[in-house]
Amino acid sequence: MNITAIRRPAKPAPRFEPQIPLVVDLDGTLLRTDTLIESLFGLARQKPLQLLALPAWLLGGRAGFKQRLARAAEIDISTMPVDEDVLAHLQAQRRQGRRLVLATAADERVATAAARRFGLFDQVLASNGQTNLSAERKRDRLVAEFGPRGFDYLGDSDQDLPVWAQARRALLVRPSHRCRVRAARVAEIEQTFADGRPGIGDYLHAMRISHWLKNLLVLLPLLVLPALAGAMMGKALLAFVAFSLSASGVYLLNDLFDLQADRAHPHKRQRALASGRVPLLHGLLLVPVLWGLALGLAVASASPLPWVLAGYTLLMVAYSMWLKHLAYLDAAVLGLGYSLRLLAGALAIGAAPAPGLLACCAVYFFGLALLKRYAELIALGHRVSVHGQVRGYPVNRRRQLWLVGVLASTVPIALLLAMPRQLALPARATAGWLGCVLLLAWTGHMWRMARAGRIEGDPVAYAVRDMPSRLLAALAGALLLAVA
């Protein structure tokens with residue numbers, strides 16, 4: 001459910017004295033995002049080498065750091081998610097003639113762009129390279145400007161407590177319970193905008209739990225070597241969870257890099273971070289937590305798994321930062337990532353996968369990655385000019401992409417059909433051959449659906465909902481049970 005779509009009935013605008021201005025915070029209040037984190041990832045995306053200068057910038061103080069960052073990184077304020085309830089309240093106050101002031105710790109360049117977007121504010125107060133306008137400094141500036149109790153203040157966090165203490169009235173946006181209690185001790189609370197706090201479902205959505213299905217590849221060696229299944233199931237499951245946690249960390253990092261692009265996408269703009277349902281800081285902090293848990297589980301497996309997992313994670317970070325913008329190379333990296341899952345599963349149970357099988361898998365998954373890009377071109381091609389590009393792939397070369405993708409995802413299966421012993425033990429060659437036939441049928445079906453424009457998002461997510469895919473999966477499951 002899209003929490004941001006749930007709105008309480010509008011309350012009547014409270015009475016106020018016209019000479020009392022309403023002062024509004026920006027990050028986490030009017031905007032459901034953090035412009036400082038947006039700027040950091042904007043810099044990483046646009047000028048990654050300048051990340052090396054960040055420690056030197058910090059030596060100049062927080063205000064100077066924000067100023068240099070705002071000048072170095074371009075961010076699009078116009079697409080950032082807004083708290084619609086807060087915006088509606090400000091618009092109602094403005095219509096009644098109230099003076100509105102934007103006061104934020106963001107750099108003045110960012111604050112000016114935000115004020116220009118909304119066209120509501122009579123005055124903008126922001127950090128200026130010398131003063132970081134936060135907490136006590138913001139309080140002192142507002143008291144000097146309007147006097148004690150000479151303004152109402154709309155904020156969202158503990159950083160706003162000193163300001164509320166000197167405000168006539170406090171307005172709170174999605175405060176934590178602790179913040180609400182502390183604010184009530186220092187100020188008269190006029191109104192609380194509490195809708196839209198993230199729930200566990202939002203965090204799971206941000207981690208893309210549904211994509212953990214892709215990590216079932218880690219368990220595939222158990223099916224190939226059933227004699228080891230009972231003894232090694234625990235280690236294989238450990239590898240599965242480790243890869244899933246690491247992949248979730250990669251997804252979060254990728255979404256942080258892609259905030260601006262996702263917001264321009266008709267479907268990806270609903271992602272938890274892009275839409276503002278989950279705070280960017282929470283997403284950023286989750287990344288090292290997930291990777292730390294994944295590494296701990298990998299080490300506990302007492303196998304070479306930590307090295308494979310580390311290699312996979314580094315490869316995916318490079319993909320998120322640079323490689324995903326290079327046509328065909330991005331798909332090759334994704335194909336390698338899927339093959340590393342198979343390798344990790346095999347190493348976790350002490351098996352040695354055939355190099356030929358790994359090579360076939362890498363090429364096959366390269367083809368599936370191209371299927372995803374082809375589906376995006378079909379879905380978004382009408383939104384882009386015929387000479388435009390989607391993720392580095394020219395719209396007018398869809399046929400070429402289709403041809404390369406179909407060949408890459410069918411030739412490896414044909415090779416395995418000719419060499420079923422590469423897939424299974426000699427006693428199970430027939431089962432391996434039948435499995436390849438089912439995989440070939442599914443692959444052809446997915447390419448047909450992509451060409452028809454039926455796949456609008458991730459192909460795996462589509463396959464979970466697709467009835468023919470479910471039927472083929474059921475047949476594959478029945479085959480596995482028959483040979484178990």
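The values are calculated or read from the model by the stated rules, or taken from the named source; none is laboratory data. What you see is a predicted model; the values in this text were computed from it and never measured. Glycine gets a Cβ as well: all are built from the backbone with ideal geometry, and neighbour counts include every protein chain shown. Heads up: the accessible areas ignore ligands, DNA and RNA and are worked out on the full protein's heavy atoms, side chains in. Shrake-Rupley method; radii C 1.70, N 1.55, O 1.52, S 1.80 Å.
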Exercise. Please work out which one of (1) over 17 Å from the mean Cα position of the chain (by Cα); (2) open to solvent by 50 Å² or more (accessible area, probe 1.4 Å); (3) touching a residue at least 24 places away in the same chain (Cβ under 8 Å); (4) closer than 18 Å to Met321 by Cβ is the condition Arg71 fails and give its number.
Key: (4)
Exercise. Could you tell me whether Leu40 is closer than 16 Å to Leu259 by Cα, open to solvent by 30 Å² or more (accessible area, probe 1.4 Å) and not β-branched (Val, Ile, Thr)?
Key: yes
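Residues checked against (1) of a type outside the set (Phe, Trp, Tyr); (2) modelled with pLDDT under 90:
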{"position": "Leu315", "(1), (2)": "yes, no"}
{"position": "Ala327", "(1), (2)": "yes, yes"}
{"position": "Asp330", "(1), (2)": "yes, no"}
{"position": "Ala348", "(1), (2)": "yes, yes"}
{"position": "Leu358", "(1), (2)": "yes, yes"}
{"position": "Phe366", "(1), (2)": "no, no"}
Quiz item: Where residues in the range 271-303 are within 13 Å of the chain's Cα centre (by Cα) and of a type in the set (Gly, Ala, Ser), which of them is nearest to Gly249 (Cα to Cα)?
Solution: Gly283
Exercise. State whether one or more residues within the range 236-254 are of a type in the set (Val, Ile, Thr), more than 21 Å from Tyr319 (Cα to Cα) and crowded, with 16+ Cβ neighbours inside 10 Å.
Key: yes
Quiz prompt | Subset of the range 170-222 (residues that are within 30 Å of Tyr251 (Cβ to Cβ), touching a residue at least 24 places away in the same chain (Cβ under 8 Å) and either in contact with a Pro (Cβ under 6 Å, 6 or more places away or on another chain) or of a type in the set (S, T, N, Q) (or both)) | solution = Ser210, Asn215
Quiz prompt | Options Arg137, Arg178: the member that is modelled with pLDDT under 95 and out of contact with any Leu (no Cβ under 7 Å at 6 or more places or on another chain) | solution = Arg178
Quiz item: Can you find even one residue in the range 202-211 that is over 30 Å from Ser339 (Cβ atoms) and aliphatic (A, V, I, L, M)?
Solution: no
Exercise. Mind counting the residues in the range 319-347 that are in contact (Cβ under 8 Å) with a residue 40 or more places away in the chain, open to solvent by 10 Å² or more (accessible area, probe 1.4 Å) and more than 18 Å from Tyr251 (Cα to Cα)?
Key: 5
